Every structure is written in structure tokens, then in C-alpha cells.
Amino acid sequence: MRGLHRCVSSRFLVVFFGILLAGSATCGAQGKTVESQPEPIHWQHGPIVAQLGTGAQIKVPAGYQFADAAGARRFLELTHNPPSEQEAGIVTPILGKDDPDSKFWLCCSISTKPGT
């Protein structure tokens, strides 16, 4: 298994959370309000030992969060980064609203099959 690290500006997170909070859209033709929310990312907060696919684990310490392969793909999509469909998981620090942008980083683990 190889790891691939992608850095994403926390400004994307502001947009991401804005999208999550937007929540509802109006259908003009029928005048109905339809709730439309993106599929949530199921974050697991450390300290935990998380499963990366079927063959590896990662220790996530307190102060950090982990999402599985589906969560990693969803996070990349919401931050306008194309997923490779080989994501195994994602780890990010848990930041408070007053933390500076410079504290944000993420690590997205990519699994590869032997010989590729």
C-alpha cells in the first residue's frame, strides 16, 4: 500500500461547510421546497484504530478525525478534487472555529494493487 498526501486549503472547507448548511432548494416549476443535502461524511474522532480498506489499519490520535474510503471520496468531491476511486481513507485535524487556516492539512491514503 502506498500513501498519497494531498494538501487542501482550509478555505475549501469553509465552502464545503457552507454547502452542508445550505440544505434546501426550491423547485420553481412546482413551487415546492425540496430538502437537498449532500451525503454526510461519517467522521470517526480519535483516539481510534481505523481500518484502511481490507489490509491495513491506522492509529488516529486524539485531536484528529478519520473517514473511510467513501468519506475520503466525498470529501475530495466536495472540495473539487477528483477522486481516483482508489482512496482508502482520510485523516484531518479537528479544528475549532478560531483556529488559523495554517493549521489545516489532510492525508488521503490511496491503495494500490501489487504490480500496478
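The values are calculated or read from the model by the stated rules, or taken from the named source; none is laboratory data. Because the structure is a prediction, the values reported are computed rather than measured. Every residue, glycine among them, receives a Cβ derived from its backbone with ideal geometry; neighbour counts consider all protein chains shown.
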A careful count of residues in region 51-78 that are surrounded by fewer than 18 Cβ atoms within 10 Å (Cβ to Cβ) and either of a type outside the set (A, V, I, L, M) or more than 20 Å from Phe104 (Cα to Cα) (or both) gives 11
Listed by first then second residue, the pairs whose first member lies in region 77-96 and is over 16 Å from Leu52 (Cα atoms), whose partner is part of a loop (DSSP other than H, G, I, E, B) and of a type in the set (Phe, Trp, Tyr), with beta carbons under 9 Å and at least 6 positions apart or on separate chains, are Pro93/Phe104; Pro93/Trp105; Ile94/Trp43; Leu95/Phe104
By my count, strands (runs of 3 or more DSSP E) wholly in region 37-116 with at least 2 residues that are at pLDDT 90 or above are 48-52, 56-60, 64-68, 87-93
